[in-house]
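For reference, the structure is listed below as structure tokens.
What follows is calculated from the coordinates using simple rules that are stated; it is not laboratory data. The structure presented is a predicted model; accordingly, all values stated were derived computationally and were not measured. We place every Cβ from the backbone using ideal geometry, glycine too, and count neighbours over all the protein chains shown.
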Amino acid sequence: MKSVIVIGAGGAGLVAALSAYENGAKVTVITKEYPTRSQTSMAQGGINAVLSEEGGDSIEIHIQNTLKSASALADEQVVSFMCKEAPNAIRWLDSIGVPFSRNDKSKIAQRKLGGAYAPRACYAQDYTGLKILHTLYDRCQEAGIEILNERYLLEFITNKDNNNKSFVCGVSVLNKRSGEVEAYEAKSVIVATGGYSRVYHDYSTNSVSTTGDGIALAHRAGVRLSDMEFIQFHPTALKNSSILISESARGAGGYLLNSKGERFINELLPRDEVARAIYDEMAKGYDIFLDIRHLGTEFIENELPQEAKLAKLYENVDPSVELIPIKPAAHYTMGGIEVDKNSSTCINGLFAVGECANHRVHGANRLGGNSLLELVVFGKQAGENAAKYICDFDKKVDLSAQKKSFEDQIIKIKEFSNEINFYEKQRELGELFYKNLGIKREKSAMQALLNEVKEMKAVLPKMGVSDKTKEYNTNLIEFLEFKNILDLSELVLISAISRQESRGAHFRVDFPSADDKKFKAHTIIEERMVSYED
């Protein structure tokens with residue numbers, strides 16, 4: 001039996017794996033892609049931490065900036081813990097070799113991101129997440145941590161103890177290379193599978209693999225979800241591809257212009273406010289552009305090289321002399337698996353961290369620069385607590401029945417008819433989500449979309465896979481992902497319809513004001529039943 005299994009090999013998963021290993025656990029990381037391809041690589045702007053109070057910044061101000069951005073839905077105690085741990089997180093990353101950019105005094109360089117009082121985002125050019133990810137991967141390799149690539153998660157396997165309390169005892173996965181179902185026993189499992197913004201399909205900044213599988217499957221296993229309606233739209237995605245242009249471009253002094261050449265918003269306001277301002281300009285018929293020409297070619301080449309490459313490659317514009325056409329796109333999901341102060345779920349032995357988890361630090365709108373911070377601070381916590389948990393695990397398990405059950409399910413799915421092309425339905429769903437559950441929302445459109453989702457779920461057996469082969473059957477994997485997307489889509493819509501107010505990233509045209517009396521609380525989903533909890 002394996003000690004600790006980590007599902008997901010992005011930044012959160014690799015930090016958790018290192019932490020569990022350092023606390024004495026034997027660790028295996030399972031990922032459906034490869035570690036260096038994870039979504040963490042797209043976190044370009046930086047990681048927040050108050051390293052000095054010389055410029056008037058302080059940890060208390062960082063806490064208050066986070067709470068303000070969260071629109072009163074963050075847990076102040078947890079936010080305080082994260083912000084106070086931030087300097088230690090940076091020192092740890094520096095110690096393991098993350099190549100942070102340096103200022104003229106050879107100290108870690110910092111820049112200002114939206115919603116921040118002062119420059120506190122530590123960065124490595126505009127490749128911050130990528131360089132953190134590669135460094136973590138190198139350290140995992142040095143530690144000899146086992147990493148199983150190209151395994152698609154099928155199920156969290158749970159059982160009941162003598163007190164009728166659920167505990168996790170393993171996972172089942174589909175080996176993409178062989179097509180075989182594999183079952184792994186585990187004393188503890190850490191979920192680090194990322195968010196669910198790919199429900200928006202082509203209108204998301206996220207990679208195609210960010211389909212919320214871990215969240216959907218955790219919910220099926222009996223885990224509570226919370227705040228699923230809060231989905232952050234990044235203001236600056238490339239117009240044609242939705243590829244992210246980092247907030248660092250605006251933090252460095254970039255302007256947002258409409259097609260009349262007018263600036264229409266303070267570019268460094270919180271993301272939800274900037275995204276809504278862009279939405280309003282687009283509704284007037286204007287195209288929107290990011291302008292960094294005035295920053296100069298040398299600065300762009302040294303500090304924003306990735307943004308320049310992306311603009312040239314995907315929009316065919318040179319940002320040193322041309323405007324970059326942009327639009328808002330779904331970027332980060334604040335909701336997810338409900339966890340406590342120990343990163344533990346309501347199932348014993350099952351922990352969650354990163355974008356798939358809701359630690360209640362982002363609330364209704366995440367502060368730029370806090371996502372990388374969250375995955376380091378809580379990744380270390382999750383790994384440590386998972387390692388402690390396994391010390392008392394003494395249960396015997398047999399996964400053969402679960403393995404056979406999923407082998408039978410795969411066979412059954414391959415027997416589905418192929419009358420409806422699910423790829424077309426997935427594209428259609430993404431467009432409908434962007435239109436009806438986007439930056440601005442109202443009940444009738446969301447209800448119509450919910451009905452559409454339910455209809456798609458009803459005809460899933462008619463959306464079978466055309467590829468019946470066993471090895472590397474990407475058609476099958478993508479069908480399974482779409483199935484999870486549909487489940488999450490329904491839960492997001494139920495949550496969004498239920499929250500009859502506007503707060504942070506959730507803006508209701510029919511309820512444009514916040515309602516603290518009714519909704520200054522978290523949306524909790526248990527078996528598709530919505531409730532609110534302080």
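Among the GluC sites (Glu not before Pro) in the stretch 371-435, those located in a DSSP loop and surrounded by at most 11 other Cβ atoms within 10 Å of their own Cβ are Glu415, Glu419. Each DSSP beta bridge with both residues in the chain is either parallel or antiparallel, and the antiparallel ones are about 70%.
Using Cα-Cα distances under 8 Å and only pairs 6 or more residues apart, what relative contact order does the chain have, in percent?
Numbers: 1246 pairs, mean separation 114.4, N = 534.
This gives 21 percent for the chain.
How many percent of Cα pairs in the stretch 400-533 exceed 25 Å? Pairs farther apart than 25 Å: 39 percent.
To make sure I understand, if each residue's beta carbon is the centre and we count other beta carbons within 10 Å, what order do Met456, Met529 fall in, fewest to most?
Details: Met456 22, Met529 8.
Placing the least packed residue first, the sequence is Met529, Met456.
Taking only alpha carbon atoms, the chain gives an Rg to Rh ratio of 0.95, where Rh is the Kirkwood radius. For Val465, nonlocal amide neighbours, meaning residues 5 or more places apart or on other chains whose placed amide H falls under 5 Å from its own, are Phe416.
When only DSSP loop residues count, what trypsin sites (Lys or Arg not before Pro) in the stretch 229-265 have their Cβ near at most 11 other Cβ atoms within 10 Å?
Within the stretch 229-265, the qualifying trypsin sites (Lys or Arg not before Pro) (loop, at most 11 other Cβ atoms within 10 Å) are Lys260.
In what order do Ser498, Ser166, Ser246 fall by count of nearby beta-carbon atoms within 10 Å, going from fewest to most?
On the way: Ser498 14, Ser166 19, Ser246 27.
Placing the least packed residue first, the sequence is Ser498, Ser166, Ser246.
Translational diffusion of the stretch 229-379 was estimated from the Stokes-Einstein equation, with Rh taken as the Kirkwood radius over Cα pairs; at 25 °C and 0.890 mPa s the coefficient is 147 µm²/s.
Which whole-number percent gives the relative contact order of the stretch 234-329, counting Cα pairs below 8 Å spaced six or more residues apart? This gives 40 percent for the stretch 234-329.
Under 13 Å of direct C-alpha separation, and excluding same-chain neighbours fewer than eight residues apart, Lys517 reaches these aspartates and glutamates: Glu501, Glu533, Asp534. Helical runs (DSSP H, four residues minimum) scored at -39500 (n - 2.57) apiece and divided by the length of the chain put the mean residue ellipticity at 222 nm at -11500 deg cm²/dmol.
Using 0.36 nm per residue of separation minus the Cα-Cα distance, give me the extension gain between Glu455 and Ser178 in nm, one decimal.
Details: separation 277, 0.36 × 277 = 99.72 nm, distance 3.32 nm.
Separation in residues times 0.36 nm, less the Cα-Cα distance, equals 96.4 nm.
Ranking of Ser502, Ser241, Ser3 by neighbouring Cβ atoms within 10 Å, starting from the fewest: Ser241, Ser3, Ser502. Full extension of the segment from Glu533 to Asn240, taken as 0.36 nm per residue of separation minus the current Cα-Cα distance, would add 101.5 nm.
Quick one: divide the alpha-carbon radius of gyration of the stretch 293-364 by 2.2 N^0.38 Å and tell me what you get.
1.76
Remark: for residue pairs Lys32/Lys483; Lys284/Lys327; Lys26/Lys187; Lys131/Lys187, the C-alpha separation exceeds 21 Å in Lys131/Lys187.
So if I take the centroid of the Cα atoms in the stretch 163-242 and the same for the stretch 397-419, what is the distance between those two points in Å? A separation of 20 Å, based on Cα centres.
From the square roots a ≥ b ≥ c of the eigenvalues of the alpha-carbon gyration tensor of the stretch 464-528, which class results: rounded (a/c under 1.5), prolate (a/b over b/c), or oblate?
Prolate, since a/c reaches 1.5 and a/b exceeds b/c.
When N is the residue count of the stretch 159-275, what does its C-alpha Rg come to as a fraction of 2.2 N^0.38 Å? Don't skip to the end; give the middle numbers.
Values: Rg = 20.6 Å, N = 117, 2.2 N^0.38 = 13.4 Å.
Expressed relative to 2.2 N^0.38 Å, the Cα Rg reads 1.54.
Apply the Debye scattering formula to the stretch 216-299, with a single equal point scatterer on each alpha-carbon and no solvent, then give log10 I(q)/I(0) at q = 0.13, 0.16 Å⁻¹. Treating every Cα as an identical point scatterer, log10 I(q)/I(0) equals -0.51, -0.68.
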